[in-house]
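Worksheet: one structure, shown below.
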Ligand SMILES: CC(C)(COP(=O)(O)OP(=O)(O)OC[C@H]1O[C@@H](n2cnc3c(N)ncnc32)[C@H](O)[C@@H]1OP(=O)(O)O)[C@@H](O)C(=O)NCCC(=O)NCCS
């Protein structure tokens, strides 16, 4: 399947919400608030990078959001998530392409590194790994993973934007 990746435009917002809800309906670890998280990050002005994958018919079939995380590690750290691919097209490379495009764009923007909470078997392929000292409240450490463009001297806890916890 061919698809194009680009940054979101204003007209994409409702389609991103619908796609995100559909993708997480059957996901193993879902809160049901993922679409609201994206909406609230956008409203708070912290959806630093929001990428969509577009199929040849012009439909949005994937989305990746990135927002700054709080940490006392120096530099500029971003969190990846939510990441969604429309159910019918999962496992056909869309999610991987979104992650790789996001990493490249954030590296160009001067990010120090990217953190996320997710399945190590999926995210390991991009270079994300758990690190001693890297943690996120309420999440078992093996699921908290990072990819550093500049390796920090010491790994420290990270916290996602409050929208991840307040979204309804
Ligand atoms: C997770 C998700 C974004 C992956 O995107 P995708 O386009 O389906 O995945 P890709 O085609 O890029 O990669 C496929 C590979 O990932 C693996 N994979 C897909 N989802 C996985 C998961 N939840 N856990 C572990 N591995 C997974 C597949 O087994 C396949 O592995 P292989 O290349 O060794 O055969 C997508 O399946 C999705 O939207 N899932 C529902 C929402 C979700 O769980 N989001 C992530 C929350 S952290």
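Taking neighbour Cβ counts within 10 Å as the exposure measure, how do 158, 54 sort from fewest upward?
Ascending number of Cβ neighbours within 10 Å: 54, 158.
Treat the count of other C-beta atoms within 10 Å as a stand-in for reagent exposure and order 47, 25, 80 from fewest to most.
Exposure proxy ranking, most exposed first: 25, 47, 80.
Set the Förster radius R0 to 30 Å, insert the Cβ-Cβ distance between residue 104 and residue 165 as r into 1/(1 + (r/R0)^6), and round the FRET efficiency to 0.05.
0.55
Under a GNM of the chain (C-alpha, springs under 10 Å), which listed residue has the highest mean-square fluctuation: 55, 108, 40?
Maximum fluctuation in the GNM of the chain, among the listed residues, is at 108.
Calculate the length of the line joining the C-alpha centroid of region 139-166 to that of region 25-101, in whole Å.
16
Tell me the label-point distance for the pair residue 21, residue 2, using the 7 Å Cα-to-Cβ offset, in nm and rounded to one decimal.
With each label placed 7 Å out from Cα toward Cβ, I get 3.3 nm.
At what distance in nm do the modelled label points of residue 151 and residue 119 sit from each other, each positioned 7 Å from its Cα along Cα→Cβ?
2.9
Be a star and scan region 73-106 for residues whose amide nitrogen sits under 15 Å from the point 7 Å along the Cα-to-Cβ vector of residue 55.
85-95
FYI, it's all coordinate maths here, none of it is from the lab. Everything quoted here is computed from the prediction, not taken from an experiment. Every residue, glycine as well, gets a Cβ built from its backbone with ideal geometry; the counts of neighbours run over all protein chains shown.
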